[in-house]
Structures are given as structure tokens and as C-alpha cells.
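Asks: Have a look at the structure that comes next, please.
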Amino acid sequence: MKLKRVLALTLAAAMTFSLTACGGGSNEGTTPAPTAVSEEDDGAEAPAPAADADEAEAEAGVTYASIKLGEDYQNLTTTIKFIHHKTDREEDGTMADLISRFNGVYPNITVETEGITDYQEDSLLRLSSGDWGDIMFIPAVDAAELPTYFVPYGTVSEMSEYINFADQWKNGDMCYGIGYMGNAQGLLYNKKVFADAGVTKLPATPDEYIAALQAIKDNTDAIPLYTNYAAGWTMGGQWDAFLGAITTGDETWLNQKFVHTAEPFKDNGDGTGAYALYKILYDATEKGLIEDDYTTTDWEGCKPMINNGEIGSMVLGSWAIAQMKAAGDHPDDIGYMPFPITVNGKQYATAGPDYCYGINVNASEENKTAAMIFVKWMVEESGWCDLEGGYPISKSADTSFVFDGVTIVNNVVALEGEEDLMNEMNAESELSFNAGGDAKVQRIVEAAATGAETFDDIMEDWTEAWNAAQEELGIGVLY
Amino acid sequence: MVTQVNTAGNRKGFLQWAKSRKGQQVIIIIAFMIIPLALLFTFTYLPFGEMVGYSFYKMKYVGKRTFVGWKNYASVFSRKDCFGALKLSLYYMGGSIVQLVLALYLATILSFKVKGGNIFKGFMFFPFLINGIAIGFIFKFFYTRGFVFDTVLQWCGFQLDNLPYWLKDQRINNISLVGTSVWRYFGQNMVLFIGAIMSVDAELYEAAMLDGANRYQQFRYIILPSIKTIVTLNVILSITGSLSAFEPPYVITSGANGTGTYFVVMNEIAHTQQKVGLASAMAVVLLLIIFAATILQKLFFKYAFRNAEDEDFNATKRRDKQLAKYAARKAGR
């Protein structure tokens, strides 16, 4: 008997650990992708023994589309629990405020919330234990595991009428997750500075952008483009993010074609491609349109500066909007625009959801319904997404996120069997695109400021490194 | 049967030996040594051996490894950034000379009776107590355009327009960084020097003064020879330290803008580019360079302090001459 118990305990412990181990690795703030996890298959089945019995009922239950907010289920009385990673919103009372507004519509549904600091790992543990309440932000689980843990909202095609990114967490053709906000890649700018400089139309090409920066320099006291050079991650991490669909208009370029391209950094001559992207930084530096002493920039210090109109623009993801708005008295001056590269007359932006709401498949029928109502209300009515400055999730809710005339695209994943090529090329060429290659982007600023190298020298150097790596790794050149 | 008896006899002999005074000594020595030796082996030599092994592979932290022989070492020597980074060590070596001279000078002054001497010692030793990362952040603000350093210089009458950008200008940014490391370590060197000078017998100064020696001569012929061990040690530590300079460039400029020292480059290669084999080879090469530098310095000091023990080199010569003359006269008589 004793032996059996010990064995069972050991097994349980091993399963828990195998789950935690999967959670590590990726950065905070990035969206967990369903493909990330593979080893947890053995451990995952154990905690959801009751799933089979309820599954038939669940499928017959309410769907996201069928709920009419404020009309249906007014008499439903229950308590649901929501675990999330936004501890800052838990602390500053935003969460409580949202819930009290929700209770204005549904007074009988009590919502308890819990903010978890180390969400990436803890959420996986909680998920496997089954003891987490009714709604959670879906952590990094395998797409195949979604039905064992979560309730589907409806089919992907049906959900796509209501929300963006319905296919982020899909299994079969069912949608299991709805983002609480979206992230988009573009440029952060100060509307007032642009207006003061006389820039009325947002720049759409590199030339227009440089002209706008020049106008800011000539007509205002603001720093046209603040590079955040010293922080490091603000160079590689942010500029590399535009490689791919934004600069080429081709969704397959970044993850499928880049490694096979002979001259990825050649001048297309029409202000597109990787060349044009990094040329913006070189030109801006050469023309003195960046901060005076770039070696002593301060990340925390730049937030109030752009808020107060001392900075014209910064190259940062949309996740930064909320931080910049919160850093001073002029939140309304902070704007976000698509990256100024136009491919064949079209501007592109990549976007994807942040964490997504998932509803516990093992919750009681009442709680599932209540949770569905709560999620729908959060997405459609709460305005939380907009408050965070996020790219809109709901297709009907009001949003201040304006990306006029921009085509939203997503870089598609690498071909099967080629998933590791990009990593290997990054390491071999030492350019590390989207993988901490800050030094190479800093080099552009240094070269432009000191005149040590021309931009074409740098691009040639990169091409050489890229080609040498292709040869070393035996990667065929196809494009 | 016979063997049984034999082993029994052996066992008895061993037990007896173990109980004897000599046996107890040996057992205690082994028992006491085994823990530190095991720790030393597990945490120093084993990982080092592993690293030497890595340097022959092309590998990342995870994934498969391929044996590449001496290729990593070849690229350490052929790459521009590896040995180019060692040139920066010259800045740090220059800095360490300044640092040692300054420390020795102040230590000599402070080891005589000076008003408020202990306060000065405290102030100058204080930077050594601050964490290196914190120092990095302090100096980042210190050197920022228009911040602390520029403000102080403006009080002294400098115009901001005439002042250089301390971290941006590639001609001087390494000197700025070396400055922080001098600021941090010279106090520690000074305290070591003071400790050594304290151990010099005070009667020697008195005797020297009676003979009419001034302060410089006291320093040259009494203090310096007496503390040569500690001087040698400090020089060796500073030079090897400047070969492996890391904290100031890593924290203040993150190795950008031409300030990437050998260690910073190594860190970038190991962690960003994930070329663990190459980085290991770099570490082994640096170790060999440090060995060579240390041995050369040892030899140099052996030569430099050869005659410094009691008096200067010329005095020995003169005395030898006189002795020879005396001997010749004696022989002539």
C-alpha cells in the first residue's frame, strides 16, 4: 500500500514538473503560441478525468454568438473566478472598476479575480491541477490539448464576424481563445509635435518619414527620433520586428524565404525591404535627427519625454502605448502609426492577440454560461482593450487605435522541417535577427554618427556574413 | 583457509595501524582534505575541463554538437573582433599604472602622520565597497551630456560646447570607462600599500633621518624595497585584471560604440550568438595570455628588484670597485 502511494506521488510530481518546464523560455508579454509545447502530452491527460462526461453537454451549451448582452440570463446567480497576469491593473483598481461596471448589467454574477505575478509558469501549474476557477488567460498549451481544458466559443468562421484573431487558439474549426487586446507593430509618435512641425499627413514612405523628422527638427525643440540606443534591446528587438511582411508585403518572407535569400539586404530602389528599413535609422542619424548623446539614453526617462512633447517619435511595439500614456499629463498626444514603408501602394502592419480568455471546461454549466457572458462583456463592452492602447479585438467596439488604410498581415510560420533554420542562420551569421542582435543595429547608429562606414558597406558586410552562414550550414539559395 | 587467515591478519594489522598515532594522523589528514579537494575539483577543475572540451566543438547550449578540432582556436586568432578587443586592454593597463602610482603616492603620504588621515583613507577606500553594477549606473549618469561631470566642469569655467561627449566620442570613451575602474580600485590598492608600509620598522626612518635622508630617499631606499612583494602582487593583479575588464563597459555602454573588451565580446558570442565552442576557445586563449603575462611580470620584477633589497644598483658597483681596489692594495703589499 505504502509503496503504491509513494509511486503515485512521485508520478504526480513528475507530471507537475514536466508541465512547469514547458512554461519557461519565452518572454513576458509575448503571446504563447500553441506550437510551443510538445512534451507535456503525458502529463496533461491526468488532471481532467471528468471531461468526457461533460463534453456532450458543453457542445450543446451557449456560444459566444448566441448571447445578447444585457438581455439574456439576467436571473443567473453564481460566482465565477478569473485568473490573469495583469497584477498592475489588479492593484490600481482598474479590474475592480471593470467588474463593478459589469455588475451594473449583471448584478447577480459575482466575479472574483486573482492577479498572478509569475503568470507564464504558475498558470500552467494551476491549469494542470484543475483548481483555477472559471476563466483564465490561456497559457502555452498544445493546440491538441485545448478541448481537454477549455470551452469552445464557436466556430472560427462564426467568431471571425465578431472578433479579430479568432484563429489564435483553434482546434479543428472551433475557437477556444479570445484575446483581451491585440499587439501591432508600428511607430509611436507624439501627435502634438507632429502638428507643431507642420506634418499633417502621416508619413507612409521612408522619404516622407525622414522629411517629417527634418520638419520636427526645424520647427520644434523636440528630438525627432529617439533611438534608445543605450538600452540595447530597443535597437535590435524593435527594428528587426519590421522585417518580413511589413517591409516586403510578403507574409512568407521572414520565416520561409529569408534564410534562402541570396541578397536579403540589397537596395530595392523603391524604399522597401530590409535595406530601406535600416536605412531610415542610418539617414536619421546622419542628418542629426536623433538624440544628441545616444550613448547615455535612458529607457525610463524617455517615457515622460515623449508624453511631454520632447520626443517626436520612437520605434516601439504597441505594447508601449499604455506606458507612454501613463508617464505624464498628455496621454492624448501619444499616437501610433503604421511603419512608413509602402509596398506597391499598400502599407502593412503585423498584429496578433496578447493573452486570450479561456473558459474552464470542467466548470458547472451555470458558471460556463456566466463566464461566457463575462468574456463577451469584457471584449465588447468594457473598453479594457482600448484602455491598454491595444489593437482592437472586438470588431464592433469603439477603438482609438487608428491604422487607416493598413493591411493587417501575419508572418506565417516556417515550412515543416525548416523551423530551426532561422535560429541556426542567426547564430552562424551572428546577425541574430529578432534574437537579441542589438549590436548590429547599434553599429548602424555608430557608423552614421562617426562616418566610419557607409550604409552600403554595412549591408554588404551583412550579406557576406549571411552568405557565409548559408554555405556553412548547407542551406540552399532559392531566392 | 590460508587466504582467509591472511585477510584476517591484514585486517587486524590495518585496524591496529588505524588506531596508532601515525594511522590517526593520516586518516585525519585525508578526512580533512577530502572535502575541500572534492569541492575544488567539482566546482573549479571539472567545469574548467568541460569548458576546454567544449572549445573543440561547434555547439549551442542545447542541440547536437559537432567536433571541429582546432577550428575554434583558428577563428579566435583570425577574427578581427577577438584580438581587436584585446587592444582595449592597453587602455585598462595604462589606467592601472596611473592607479598604482596614485595609490602608492597617497599611501606613502598617509602612512606618515597626516591630519584627518583616517577620514581620507575611508573616503578613498569607500568606492571599492560599492557593487560594480551600481558603479556602472552611477557613472552612466555621471557622464551623461549636461549631467554631473559636465556641470562640475562648467562650474570650473568650461563651456559645455567645448566639452567632449564622454561616452559617445570614440576617441575618449574608453578613457572615460577606465576612469571609473581607477576610481573604484585605487582605494583598495592604497589600503594594501598602507598595510605593507605600516609593517616597516619605524626606527629605520629615524636612522635614515639622522643620516640626512629626505622623504623621497626614505621612500626609495626604505619603503619601496620593504613592500616590493605587495607592489609586485598589485601590479600583477592589475594587469591581469585589465586583460579581463568587463563590468564598466558591460554596464555603462553594454560594449557598444567601440568599447567592447575581450570579455564583453566573449559574452556576446556565448550568449547572443550561442557559439559556445568559440567562446570557450576564447576563454582558454585568454587564460593562456594571462599566464604568459603573469610569468613575464614575475621575471621582470625579479630583475627589477634584484639589487633593491638593501641599496641601489650603483652603490653596489661602487662598493665592489672599492673592495677590489682594497684587495689589490692588500695583495700589492
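Quick note: the coordinates plus some simple rules give every number you see, no bench work behind them. Not measured: the values here are computed from a predicted model. Glycine also receives a Cβ, built like all others from the backbone with ideal geometry; neighbour counts cover every protein chain displayed.
Asks: Tell me, B:Cys82, B:Cys156 in order of fewest to most beta-carbon neighbours within 10 Å? Intermediate results must be reported in sequence, preceding the final value.
Replies: Values: B:Cys82 20, B:Cys156 6.
The order, fewest Cβ neighbours first, is B:Cys156, B:Cys82.
Asks: Once every DSSP H run of n ≥ 4 in chain A is given -39500 (n - 2.57) and the sum is divided by its residues, what mean residue ellipticity at 222 nm do you get, rounded to the nearest 500 deg cm²/dmol?
Replies: Working: 20 runs with 194 residues, N = 479.
Calculated at 222 nm, the ellipticity per residue is -12000 deg cm²/dmol.
Asks: I'd like the orientation of helix A:438-450 relative to chain A: the angle between its Cα long axis and the longest Cα principal axis, in ° from 0 to 90, rounded to 10.
Replies: With rounding to tens, the tilt is 20 degrees.
Asks: Looking at the square roots a ≥ b ≥ c of the eigenvalues of the Cα gyration tensor of chain B, which shape do they give, rounded for a/c under 1.5, prolate if a/b is larger than b/c, or oblate? Before the final figure, lay out each step's value.
Replies: Working: a/c = 1.92, a/b = 1.08, b/c = 1.78.
It is oblate, given that a/c is not under 1.5 and a/b is not larger than b/c.
Asks: Using Cα centres only, tell me the gap between region B:21-38 and region B:58-110 in whole Å.
Replies: Cα centres, region B:21-38 to region B:58-110: 40 Å.
Asks: While we're looking at this one, here's another question. Please go through region B:8-116 and write out the chymotrypsin sites (Phe, Trp or Tyr not before Pro) that DSSP classes as loop and that have at most 13 other C-beta atoms within 10 Å.
Replies: Details: sites: B:Phe14, B:Trp17, B:Phe32, B:Phe41, B:Phe43, B:Tyr45, B:Phe48, B:Tyr54, B:Phe56, B:Tyr57, B:Tyr61, B:Phe67, B:Trp70, B:Tyr73, B:Phe77, B:Phe83, B:Tyr91, B:Tyr92, B:Tyr105, B:Phe112; in loops: B:Phe56, B:Tyr61, B:Trp70, B:Phe112.
Of the chymotrypsin sites (Phe, Trp or Tyr not before Pro), the ones in loops of region B:8-116 whose Cβ has at most 13 other Cβ atoms within 10 Å are B:Tyr61, B:Trp70, B:Phe112.
Asks: Considering only DSSP beta bridges whose two residues both sit in the protein assembly as shown, what percent are antiparallel, to the nearest 5?
Replies: Details: 26 of 42 bridges.
Here the share of antiparallel DSSP bridges comes out near 60 percent.
Asks: So, one more: Rounded to the nearest 20 Debye, what is the dipole magnitude of region A:348-389 about its Cα centre when Lys and Arg each give +1 and Asp and Glu each give -1 at the C-beta? Walk me through the intermediate numbers first.
Replies: Numbers: 2 positive and 7 negative charges, 28 e Å.
For region A:348-389, the charge dipole is close to 140 debye.
Asks: Something else now. Expressed as a whole number of Å, what is the distance separating the alpha-carbon centroids of region A:339-361 and region A:363-379?
Replies: 26 Å
Asks: Tell me the angle of helix A:455-473 to the major Cα principal axis of chain A, expressed in degrees between 0 and 90 and rounded to the nearest ten.
Replies: The two axes meet at around 50 degrees.
Asks: Now, a different point. For helix A:94-105, what angle does its Cα long axis make with the longest principal axis of chain A, in degrees from 0 to 90 and rounded to 10?
Replies: Approximately 50 degrees, to the nearest ten.
Asks: Something else: Quick one: Cα centre-to-centre distance for region B:158-194 and region A:423-479, in angstrom?
Replies: 33 Å
Asks: Per DSSP H run of n ≥ 4, the term is -39500 (n - 2.57); total these for chain B, divide by its residue number, and report the mean residue ellipticity at 222 nm rounded to 500 deg cm²/dmol. Present the calculation step by step, with values, prior to reporting the outcome.
Replies: Numbers: 15 runs with 230 residues, N = 333.
It comes out at -22500 deg cm²/dmol, rounded to the nearest 500.
Asks: Turning to a different aspect of this structure: Let me spell out the model: positive unit charges on the Cβ of Lys and Arg, negative unit charges on the Cβ of Asp and Glu, origin at the Cα centre of the protein assembly as shown. What dipole size does that give, in debye rounded to 20? Write out the running numbers ahead of the final one.
Replies: Details: 62 positive and 95 negative charges, 1579 e Å.
The calculation lands at about 7580 debye.
Asks: Still on this structure, please answer the following. Provide the FRET efficiency to the nearest 0.05 for the B:Ile34-B:Lys12 pair, computing r from the beta carbons and using R0 = 22 Å. Show your work: numbers first, answer last.
Replies: On the way: r = 26 Å, r/R0 = 1.16.
Approximately 0.30, to the nearest 0.05.
Asks: Can you give me the orientation-averaged projected area of the convex hull built on the Cα atoms of region A:209-343, in nm²? Kindly include the intermediate steps, with their values, before the conclusion.
Replies: Numbers: hull surface 34.4 nm².
Hull-based average projected area comes out at 8.6 nm².
Asks: With the dipole of the protein assembly as shown worked out from charges on the C-beta (+1 for Lys and Arg, -1 for Asp and Glu) around the Cα centre, which of A:Tyr209, A:Thr113, B:Gly255 lies farthest toward the positive end?
Replies: Working it through, the farthest residue towards the positive pole turns out to be B:Gly255.
Asks: Apply the a/c threshold of 1.5 to the C-alpha gyration tensor of region B:40-127 and tell me whether it is rounded, prolate or oblate.
Replies: Numbers: a/c = 4.54, a/b = 2.38, b/c = 1.90.
It is prolate, given that a/c is not under 1.5 and a/b is the larger ratio.
Asks: Given H placed 1.01 Å from N in the peptide plane, which residues other than close sequence neighbours of A:Ala351 have an amide H under 5 Å from its amide H?
Replies: Under 5 Å from the amide H of A:Ala351: A:Val409.
Asks: Something else about it: Shape verdict for region A:308-400, please, from the Cα gyration tensor: rounded (a/c under 1.5), prolate (a/b greater than b/c) or oblate.
Replies: Values: a/c = 3.00, a/b = 1.84, b/c = 1.63.
Judged from the Cα gyration tensor, region A:308-400 comes out prolate (a/c at least 1.5, a/b above b/c).
Asks: Identify, among B:Ala38, B:Ser280, A:Leu316, the residue whose Cα sits farthest towards the positive end of the charge dipole of the protein assembly as shown, taking +1 on the Cβ of Lys and Arg and -1 on the Cβ of Asp and Glu, with the dipole about the Cα centre.
Replies: B:Ala38
Asks: Stokes-Einstein D for chain A at 25 °C, 0.890 mPa s, Kirkwood Rh over Cα pairs, in µm²/s?
Replies: On the way: Rh = 24.3 Å.
The diffusion coefficient I find is 101 µm²/s.
Asks: Let me ask something else about it. With charges set only on the Cβ (+1 for Lys and Arg, -1 for Asp and Glu), what does the dipole of region B:190-333 come to about its Cα centre, in debye to the nearest 20? Display every interim value, and only then the final one.
Replies: On the way: 15 positive and 11 negative charges, 212 e Å.
For region B:190-333, the charge dipole is close to 1020 debye.
Asks: Set the bar at 25 Å for Cα to Cα. Now go through A:Lys257/A:Lys395; A:Lys68/A:Lys368; A:Lys303/B:Lys140 and name every pair that lies beyond it.
Replies: On the way: A:Lys257/A:Lys395 32 Å; A:Lys68/A:Lys368 15 Å; A:Lys303/B:Lys140 18 Å.
As for pairs spanning more than 25 Å Cα to Cα, those are A:Lys257/A:Lys395.
Asks: If you don't mind, there's one more thing I want to ask. List every residue whose amide H lies under 5 Å from the amide H of A:Ile334, counting only residues 5 or more places away in sequence or on a different chain, with H placed 1.01 Å from N in the peptide plane.
Replies: A:Lys191
Asks: Rounded to whole Hz and in sequence order, give me ³J(HN,Hα) for region B:119-135 from the Karplus expression 6.51 cos²θ - 1.76 cosθ + 1.60, θ = phi - 60°, writing x for Gly and Pro.
Replies: Per-residue couplings from phi come out as 5, 4, 4, x, 4, 7, 7, 3, x, 5, 7, 7, 4, x, 5, 4, 4 Hz.
Asks: Where does region B:182-267 land on the Kirkwood hydrodynamic radius, alpha-carbon pairs, in angstrom? Each step should come with its number before you reach the end.
Replies: Numbers: mean 1/r = 0.0643 Å⁻¹.
Taking every pair of different Cα atoms in region B:182-267, averaging 1/r and inverting gives 15.5 Å.
Asks: Which listed residue (A:Tyr357, A:Gly389, A:Ala427) has the Cα farthest towards the positive end of the charge dipole for region A:312-437, taking +1 on Lys and Arg C-beta and -1 on Asp and Glu C-beta about the Cα centre?
Replies: Going by the charge dipole, the pick is A:Gly389.
Asks: Can you run the Rg to Rh ratio on the protein assembly as shown? Use alpha carbon positions and the Kirkwood inverse-distance Rh.
Replies: Values: Rg = 34.9 Å, Rh = 32.3 Å.
Radius of gyration over Kirkwood radius for the protein assembly as shown works out to 1.08.
Asks: Starting from the Cα-Cα distance between A:Val413 and A:Asn103, subtract it from 0.36 nm times their residue separation and give me the gain in nm to one decimal. Display every interim value, and only then the final one.
Replies: Numbers: separation 310, 0.36 × 310 = 111.60 nm, distance 4.15 nm.
Gain in length upon complete extension: 107.4 nm.
Asks: Fewest first, what order do A:Thr234, A:Thr117 take by the number of other Cβ atoms within 10 Å? All intermediate terms of the calculation are to be shown ahead of the outcome.
Replies: Working: A:Thr234 23, A:Thr117 7.
So the ranking, lowest neighbour count to highest, is A:Thr117, A:Thr234.
Asks: Still on this structure: If Lys and Arg each add +1 and Asp and Glu each add -1, what is the summed charge of the other residues whose beta carbon sits under 13 Å from the beta carbon of A:Asn434?
Replies: Details: positive: A:Lys440; negative: A:Asp240, A:Asp438.
Within the 13 Å Cβ shell, the charges total -1.
Asks: Cut-off under 22 Å on the C-alpha distance; same-chain residues fewer than 8 positions from B:Lys325 excluded. Which lysines are left, in chain and number order?
Replies: Within reach: B:Lys317.
Asks: Provide B:Thr261, A:Thr155, B:Thr44 in ascending order of the number of other Cβ atoms located within 10 Å of each residue's Cβ, fewest first.
Replies: Details: B:Thr261 27, A:Thr155 16, B:Thr44 10.
Ascending Cβ contact count within 10 Å gives the list B:Thr44, A:Thr155, B:Thr261.
Asks: Counting other C-beta atoms within 10 Å, and keeping those with at most 14, which DSSP coil trypsin sites (Lys or Arg not before Pro) do you find in region A:58-161? Mind dumping the intermediate values first?
Replies: Working: sites: A:Lys68, A:Lys81, A:Lys86, A:Arg89, A:Arg101, A:Arg126; in loops: A:Lys68, A:Lys86.
Counting only loop positions with at most 14 other Cβ atoms within 10 Å, the trypsin sites (Lys or Arg not before Pro) in region A:58-161 are A:Lys68.
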